[in-house]
1. When you scan the stretch B:154-174, do you find a residue that is on the phi < 0 side of the Ramachandran plot, of a type in the set (Phe, Trp, Tyr), open to solvent by 20 Å² or more (accessible area, probe 1.4 Å) and in a helix (DSSP H, G or I), even just one?
2. Among the numbered criteria (1) without any contact (Cβ under 8 Å) to a residue 24 or more places away in the chain; (2) more than 30 Å from residue A:181 (Cα to Cα); (3) among the hydrophobic types (A, V, I, L, M, F, W, C), which single criterion is violated by residue A:307?
3. Suppose we keep only residues that are part of a helix (DSSP H, G or I), open to solvent by less than 20 Å² (accessible area, probe 1.4 Å) and aliphatic (A, V, I, L, M) within the stretch C:349-376. Which one would you say is nearest to the other protein chains (Cβ to nearest Cβ)?
4. Looking only at the stretch C:65-78, filter to residues that are in contact with a Ser or Thr (Cβ under 7 Å, 6 or more places away or on another chain) and not in a helix (DSSP H, G or I); which one of those is nearest to the other protein chains (Cβ to nearest Cβ)?
5. Looking only at the stretch C:304-348, which residues are within 14 Å of chain A (Cβ to nearest Cβ), of a type in the set (D, E, K, R), open to solvent by 40 Å² or more (accessible area, probe 1.4 Å) and touching a helix residue (DSSP H, G or I) at 6+ places or on another chain (Cβ under 6 Å)?
6. For the stretch B:175-225, which residues satisfy the criterion of being surrounded by fewer than 14 Cβ atoms within 10 Å (Cβ to Cβ) and farther than 21 Å from residue B:141 by Cβ?
7. Tally the residues that are in contact (Cβ under 8 Å) with a residue 40 or more places away in the chain and in a loop (DSSP other than H, G, I, E, B), restricting the search to the stretch A:161-190.
8. More than 11 Å from chain C (Cβ to nearest Cβ) and assigned to a helix (DSSP H, G or I): is that true of residue A:317 in this structure?
Amino acid sequence: MSALQTTLRRTTAVLMPIGYYPARVWCSTRAAPTDGKFRVLDLKKKSFVPHAKKKYIKTITLPPRALSMPVDQEWSNVWPGPRTFHPATVPLALRQGYDPKRASPGKYGNAELMKIPNFLHITPPAVKKHCSALKQFCTEWPKGLETDEDCDRHFPMTTITTDYCHSSPTIKDPKSRIVTIKIKLSTLNLDKHARDKMIRLVGDRYDEESDILTIVTDRCPTRKQNYDYGVYVLTALYHESNTFEEWERQKQEADMEHYIWENNPSKKAYVTLTRWPEKVSDDDVKSHSIDEDTVGQKYKEAVTELLNNGEDTYTLNKYREAALAVLLPQTIQA
Amino acid sequence: MALFAKYLRIGSTVKHGFQAFPQLTTAKYSVYPPHFAEPVYKKQELDKLYESGEIENYKLIPFKAAKSNETCSIFHDPMVAKFINYMLLKGQKKLAREVLEKTFEKIKKLQLEKYNRETDPEKKASMIIDPVVILKKAVANSKPLLKLTAVKRGGSFYQVPVPITDKESTFYAMRWFVQCGREKDKSISFADFMATELIKASNNDGKVVNKKLDLHKQCEANRAYAHYRWS
Amino acid sequence: MRAYRRLCGYATAAVKQETQYQIPTAARTEKKNPVDHDSQDVSKFYTIDPKTVSNIFQTGGLPKPFTEQTNMFAETALMIRQPALEVINSLKSTDFQKPAVRYLLYGQTGSGKSLSLAHILHYAYSSKFILYHIPYVPIWLKYDRKEVNWSSSKNGMADIPLIAAQWLKHFVHQNGALLNELNLTTSQDYVWSQRETTPQGTTLNELVTHGINRAKYACDCMDILLNELKAHCSNNRCKMLVAIDGFNAFFNEKTDLKTEDRVKVTPQQITMVQTGLSAVLSDWNNGAIIMVTSPRAALNTKRESHLPIYLIGRQGFEHIDPFIPVMVPELSTVEFNNMLDYYEEKRWLQKPGGRKELEFLTSKLPADLMARCAPL
């Protein structure tokens, strides 16, 4: 077949000008085999000429590049910038996704691997290169801030703010006004009363285990305003917990955060027991001291530990020993 | 579809009755192919296999998984497990097991009372208190030797006595116990009823044994039709 | 192969034919009086006379599954265990001139607290103590009874007359004979109403009978009885043992009881509960107080821990402080084996062997063991 015929054969579709519906106009050369004879109109399709099968031209592809990558190559040259995952370039045997019947699908033709963000452009050697390039523009790390403890000591307050990116008409996000201020209470040097008052004032915002007070402010429209407000709150709390109000004198035993044996019925019970059968009044209880009384001191310790630290086998056993010493001293001697 | 279901139910519950379309009764298909072997879950049996050397035959055969109620505990008995399965309704295995445990407790109570009252040392020694032994004895005493099947001859169905396998016979015995339990008076608990019934059956007495004897009588009465079996 | 089999605990050689299994006998002690029990008797069983059992426990004190078991075995056998022995030894050596010592038995459900209390009660009964025994507090507070009246003598408190009368019957059953012997009398007049008075000098038995007959005054009667007994004990005329099972029910947040005007009452509003709480105060001598806390006596929602202070709360702790907490643990290996030997001896446990399995499944709690051996 001539080259002209092949090209003509390929142009099968020709669009009509606008106004007519697009129709396929067949080339006249496509209809029948050309062997010079006059083409007779064949309506009944007696002479059936099958279409020649479209030859599938296989494109020759090279093997994936990842198979012939040397081990000591520069990876940052292979993957210099952020790029969608490309299986033939990444020399890793990765599997991602879920198939209920089979193992996770491999990397070729895996949309999941392409969807997720990859950080192949920020491998440690690449980061090192970036850092060494940036170093000439950087100042030195301040002296005196080598360890984390030094940083905490000089900068006890942490401010946390978030910025948001938008690709919509507005680049502003209302959530960016939120400011979180974190500070350890141990840095504030509060005395016992001030610390207790501070913890009661802030409530849930204080975490006992890490000793961090967290103040989250979002009531003002801008970030600066929220930050100033947060700092103001912290200042107010500090001064407020350091002052002692008159109404604080009304604090009762039920409000106490710790158990103090001296103020509790436990002492009265002990005094009543030791002075039995005399009657004991509240003044007697207050004035009774246990400085010389080892049994009493042990008992006081045991009860305080039991009620402050919670009940478990250790504290219960300690209480038991102390109670035996108080109630049944003869068994101890025996 | 509903019609078929009706016939199926008839076919499966009525023993001496009409098996209208026997080919429609539900057959059980195993998840396992036929060459899988049953699991050996008792330590003693496993020891025996090792000693006799038979274990070599089993080493290369795949085994079925053991069922969750088949344990290697010494308190497990396959017949007891089977009985619990027969008592089972709506898949409430826990309830069935608890009821049977209560039954065993009651059997022990009743037998212990008798044992403590008994003075003759011979009778005392021969008295059975173990509820599992009583269950086994009761089932053994109520196993029928023949059953009646309907055989069609000349337009009508005749009840023909026919021998049954040991397995089927045990099945009938156990099922009769459960059926009598379901027909009991509502004021008595199942455990109470079953305890008394099992004790009576182990002494060749009670409803279930009578059921068996009735069946035997009927078989005896119908022995003229016995040759219908071979048409 | 052999090493592997030995490792897994399988037989390495042919197993010999086993000889006839010998049914074991439990280790018992002949001492019927708890006064004689000592540390050598720990883990052994001792039987209580049927007569003594009916004297002490007929109207309550032994758990129901245990009483059923005693009917089956035709004997009441208690195991002597360390916690009960400890309390009994303390009772033997206490100085009765000092105020009453408080003991608190605690432990997991089913660890044997009620039966330890029963053992101590038997000791007290044989040692001529007056038993002020509340069998199980939730019986008072748990069920919605029809007769809960507002008390006429105490403002804002509720009465449960029939239950109080029942308790008085229990008290008289346990202590009637002893009271007659000691001949204790009331120290002052008690006016019930215009026509009814109990004059000074009536015996306590008569006072209690009056309370039983006139259920309306039964709760007040209980209170008066307690005060009288405390006074007598303080005057060295008698000894008393206060034993309360399910003590933590006094400190529950609510009860199931409602008065006729459909007002729900809390435990603290009930006169009998207040009587019980005043019984455990240490303002008298010549006696001892034994309390048992159990998770089962607490509300359904508050049963996470079996430790005593969780169950009685801060209020309860302050009420009974100082006290001696006594833990009732699970059975030790010796006790566990002995218990199973006892069950086998009594033909209750029909299948020997499998002890390791039972140990694992019940974690050696005696009540669980009893329940688990029932169908075996």
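1. Residues of the stretch B:154-174 that are on the phi < 0 side of the Ramachandran plot, as a first pass: B:156-174.
Subset that is of a type in the set (Phe, Trp, Tyr): B:157-158, B:171-172.
So of that shortlist, the ones also open to solvent by 20 Å² or more (accessible area, probe 1.4 Å) come out as B:157-158, B:171-172.
Then keep just the ones that are in a helix (DSSP H, G or I); that gives B:171-172.
Checked the stretch B:154-174: at least one residue is on the phi < 0 side of the Ramachandran plot, of a type in the set (Phe, Trp, Tyr), open to solvent by 20 Å² or more (accessible area, probe 1.4 Å) and in a helix (DSSP H, G or I).
2. With (1) without any contact (Cβ under 8 Å) to a residue 24 or more places away in the chain; (2) more than 30 Å from residue A:181 (Cα to Cα); (3) among the hydrophobic types (A, V, I, L, M, F, W, C) applied to residue A:307, the lone miss is (1).
3. Per the criteria, the residue is C:358.
4. From the stretch C:65-78, those in contact with a Ser or Thr (Cβ under 7 Å, 6 or more places away or on another chain) are C:70, C:75-77; that's our starting set.
Right, trim to not in a helix (DSSP H, G or I) and you get C:75-77.
Details: C:75: 10, C:76: 14, C:77: 14 Å.
Selected residue: C:75.
5. Within the stretch C:304-348, C:318 is the sole residue that qualifies.
6. Within the stretch B:175-225, B:185, B:186, B:187, B:188, B:221, B:223, B:224 meet the criteria.
7. 2
8. On the way: more than 11 Å from chain C (Cβ to nearest Cβ): no; assigned to a helix (DSSP H, G or I): yes.
Criteria not met by residue A:317.
The values are calculated or read from the model by the stated rules, or taken from the named source; none is laboratory data. All values derive from a computational prediction rather than experimental measurement. As a convention, Cβ positions derive from the backbone with ideal geometry for all residues, glycine included, and neighbour counts pool all protein chains shown. Keep in mind that these areas ignore ligands, DNA and RNA; they rest on the heavy atoms of the full protein, side chains included. Shrake-Rupley method; radii C 1.70, N 1.55, O 1.52, S 1.80 Å.
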